[in-house]
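As structure tokens, the structure follows; a few thoughts come after it.
The values are calculated or read from the model by the stated rules, or taken from the named source; none is laboratory data. For clarity, every value in this text was computed on a predicted model and none was experimentally measured. Quick reminder, even Gly has a Cβ in these numbers, built from the backbone with ideal geometry, and neighbours come from all protein chains shown. Heads up: the accessible areas ignore ligands, DNA and RNA and are worked out on the full protein's heavy atoms, side chains in. Shrake-Rupley method; radii C 1.70, N 1.55, O 1.52, S 1.80 Å.
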Amino acid sequence: MDILEFLDKSPVNFLAVKTLAQELLAAGFKQLCPGDAMPEVKPGDTFFVTKNDSSLYAFRMGRQPLAEAGFHIIGAHCDSPTFRIKPNGEIKCEGGLVKLNTEVYGGPILSTWMDRPLSLAGRVMLRGTDPLHPQTRLLHISRPLLVIPNLAIHFNRQVNDGVKLSKQKDMLPIMGIDGKGLEGGALLDLIADELATNKADILDFDLYLYDATPACILGLHQEFISSGRLDDLSMVHAGLEALLESDKQPATTQVLAIFDNEETGSQTKQGAGSPFLANMLQRITLAQGGTQDDYFRAVEQAFMVSADNAHAWHPNYSEKYDPTNHPQMGGGPVIKINAAQKYATDASSSATFAEVCRLAGVPHQYFVNHSDVAGGSTLGNILAGSLPLRGVDMGNPIWAMHSCRETGSVDDHKYCIRAFTQFYNL
Ligand code: ZN
């Protein structure tokens with residue numbers, strides 16, 4: 001699937017996992033339920049599991065024994081900064097205007113969410129057969145539905161000198177004018193309509209805002225990708241494409257791990273801080289007839305590519321970047337390095353990834369923080385808590401990370417898929 005289509009079909013974590021699952025099923029991967037007994041697995045077998053409908057782990061078994069060859073793991077995350085609709089979220093205002101009460105998820109650049117067509121996506125829980133098993137329905141309202149309007153410049157002449165935004169006051173989206181009076185219920189009516197279900201059966205929901213403008217290509221030579229959620233869905237897409245394009249009978253077992261909740265610290269059952277992936281790798285080792293010791297040996301042989309976007313050099317802010325390591329748009333995948341080890345990369349794993357790029361015929365570059373700038377962190381190190389893997393933190397360079405609309409490079413995306421495919425085929 002083309003990256004633009006992938007981005008548009010994946011407005012939030014739950015829908016990204018659905019899109020991934022559909023692509024994997026179409027490619028012959030079998031969906032296993034983590035609550036069922038692991039079936040026996042043999043070389044060439046392909047399968048995947050999901051956790052919480054918002055993280056996904058896909059596997060293709062290699063020809064070599066796990067204890068000797070380990071795993072080739074690509075990890076990325078499917079969540080992005082956004083706004084979650086609070087319970088009792090509907091606020092009726094004068095003139096019948098309905099706005100929604102929201103809570104910020106992750107670290108968005110708030111102002112970028114204003115004056116844009118937005119919509120709602122996520123999951124809705126419906127009454128099930130018993131309280132422990134509510135029914136899950138995914139919701140993707142694909143039409144523009146909401147807007148967070150700016151205040152006119154006439155009310156704030158200093159607006160262009162910088163504005164401090166309140167998450168509670170300034171960032172509440174307006175959904176429409178509801179002529180039905182003040183009793184509320186327009187949001188639940190909408191959800192019930194969209195899902196063709198009874199309003200009384202809606203027990204709860206995880207619903208988020210997303211940028212309703214489709215992803216697009218722009219630039220003099222069509223060199224840029226413009227979209228919400230490039231961080232980190234562009235890496236998720238590259239991982240998926242690599243898994244689908246790589247050898248069907250690989251030497252080494254291939255793993256694609258798409259985590260949730262990276263933007264809030266990864267410490268959830270579906271995040272990289274969870275033992276879920278380690279448990280799955282262990283179960284696979286045993287299902288292949290291996291022992292606990294074989295699992296530990298496999299972890300020692302394994303290599304992880306932790307793929308999360310990097311900061312592209314921005315021509316208007318060159319002073320923010322390291323003088324010798326500021327990745328360029330179109331310059332290829334970026335190896336991320338930090339002396340305090342906020343990134344998993346070290347000379348050994350960096351050397352490996354640089355060689356993978358060279359074998360794939362792909363350029364690579366490096367990112368290190370300007371020494372007076374704190375910088376971010378990502379998945380690689382958090383995963384080390386449950387899986388002491390050798391691995392590299394890398395990603396493609398983008399502009400405006402955590403903006404409602406980020407910009408990346410068309411060439412870098414192609415390079416990344418090639419490098420990942422090469423890695424899986426090693
Ligand atoms: Zn990220």
- Note on the structure: Descending packing, highest mean Cβ count within 10 Å first, for 217-225, 418-426, 315-323 is 418-426, 217-225, 315-323
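Looking at the chain only, what percent of DSSP beta bridges run antiparallel? Nearest 5 please. Display every interim value, and only then the final one.
Values: 50 of 74 bridges.
Bridges in the chain that DSSP calls antiparallel: roughly 70 percent.
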- Query: When the Karplus curve 6.51 cos²θ - 1.76 cosθ + 1.60 is applied with θ = phi - 60°, which whole-Hz ³J(HN,Hα) does each residue of segment 130-139 get, with x for Gly and Pro?
  - Reply: 8, x, 6, 10, x, 7, 9, 10, 7, 10
- Can you run phi through the Karplus equation (6.51, -1.76, 1.60; θ = phi - 60°) for segment 48-53 and list ³J(HN,Hα) in whole Hz, with x for Gly and Pro? 8, 10, 10, 10, 6, 6
- Task: Return the whole-Å distance between the Cα centroid of segment 378-401 and the Cα centroid of segment 10-84.
- Result: 18 Å
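Rounded, prolate or oblate for segment 82-211? Axes are the square roots of the Cα gyration tensor eigenvalues, ordered a ≥ b ≥ c, and the cut-off for rounded is a/c under 1.5.
Since a/c reaches 1.5 and a/b is larger than b/c, the shape of segment 82-211 is classed as prolate.
Calculate the dipole size of segment 10-134 relative to its Cα centre from +1 charges on Lys and Arg beta carbons and -1 charges on Asp and Glu beta carbons; express the result in debye to the nearest 20.
Details: 13 positive and 12 negative charges, 28 e Å.
Dipole magnitude for segment 10-134 comes out near 140 debye.
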- Item | Projected label distance in nm at Thr264 and Arg157, using a 7 Å step from Cα toward the beta-carbon | 4.3 nm
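Please give the per residue accessible area of segment 82-211, computed with a probe of 1.4 Å over protein heavy atoms only, in Å². If you can, show how the numbers build up before the last one.
Details: 7290 Å² over 130 residues.
It amounts to 56 Å² per residue over segment 82-211.
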- Note on the structure: For segment 272-426, the per residue accessible area (1.4 Å probe, Å²) is 40 Å²
- Note on the structure: Placing +1 on each Lys and Arg Cβ and -1 on each Asp and Glu Cβ in the chain, then taking the dipole about the Cα centre, the residue among Asn198, Gln222, Pro327 whose Cα reaches farthest towards the positive end is Asn198
- Task: Kindly write out, for segment 221-227 in residue order, the coupling ³J(HN,Hα) from the Karplus curve 6.51 cos²θ - 1.76 cosθ + 1.60 (θ = phi - 60°), rounded to whole Hz, with x marking Gly and Pro.
- Result: 10, 6, 9, 10, 9, 10, 6
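Taking the mean number of other Cβ atoms within 10 Å as a proxy for protection, how do you rank 333-345, 107-119 from highest to lowest? List each step's numbers first, then the result.
Details: 333-345: 21.5, 107-119: 17.7.
In decreasing order of mean packing, 333-345, 107-119 become 333-345, 107-119.
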- Message: Considering only protein heavy atoms and a probe of 1.4 Å, how much of the accessible area of the chain is carbon and sulfur, as a whole percent?
- Response: 52 percent
- Message: On C-alpha positions alone, give me the angle between the axis of helix 13-26 and the longest principal axis of the chain, in degrees, nearest 10.
- Response: 50 degrees
- Message: To check my understanding: the extent here is largest minus smallest coordinate of the Cα atoms along each principal axis. What are those three numbers for the chain, in Å, largest first?
- Response: 69, 59, 37
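Evaluate E = 1/(1 + (r/R0)^6) for Ser348 and Gln222, where r is the Cβ-Cβ distance and R0 equals 51 Å; express this FRET efficiency to the nearest 0.05. Could the numbers behind the result be given before it?
On the way: r = 38 Å, r/R0 = 0.74.
The pair Ser348/Gln222 has a calculated efficiency of 0.85.
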- Item | Ranked by how many other beta carbons lie within 10 Å on average, peptides 127-139, 365-377 from highest | 365-377, 127-139
- Message: So if I take the centroid of the Cα atoms in segment 98-166 and the same for segment 210-272, what is the distance between those two points in Å?
- Response: 22 Å
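Could you give the size of the charge dipole of the chain about its Cα centre, using +1 on the Cβ of each K and R and -1 on the Cβ of each D and E, expressed in debye and rounded to the nearest 20? It would help to have the intermediate numbers written out before the result.
Values: 35 positive and 48 negative charges, 49 e Å.
Taking the Cα centre of the chain as origin, the dipole is about 240 debye.
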- Given 0.36 nm per residue, what is the gain on full extension from Asp189 to Met38 after removing their alpha carbon distance, in nm? 50.2 nm
- Cα axis of helix 347-360 to longest principal axis of the chain: angle in degrees, 0 to 90, nearest 10? 90 degrees
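Mind putting a number on the dipole of segment 82-211 about its Cα centre? Charges go on the C-beta only, +1 for Lys and Arg and -1 for Asp and Glu, and I need it in Debye to the nearest 20. Could you put the intermediate results ahead of the total?
Working: 15 positive and 16 negative charges, 56 e Å.
With only Lys, Arg, Asp and Glu charged at Cβ, the dipole is about 260 debye.
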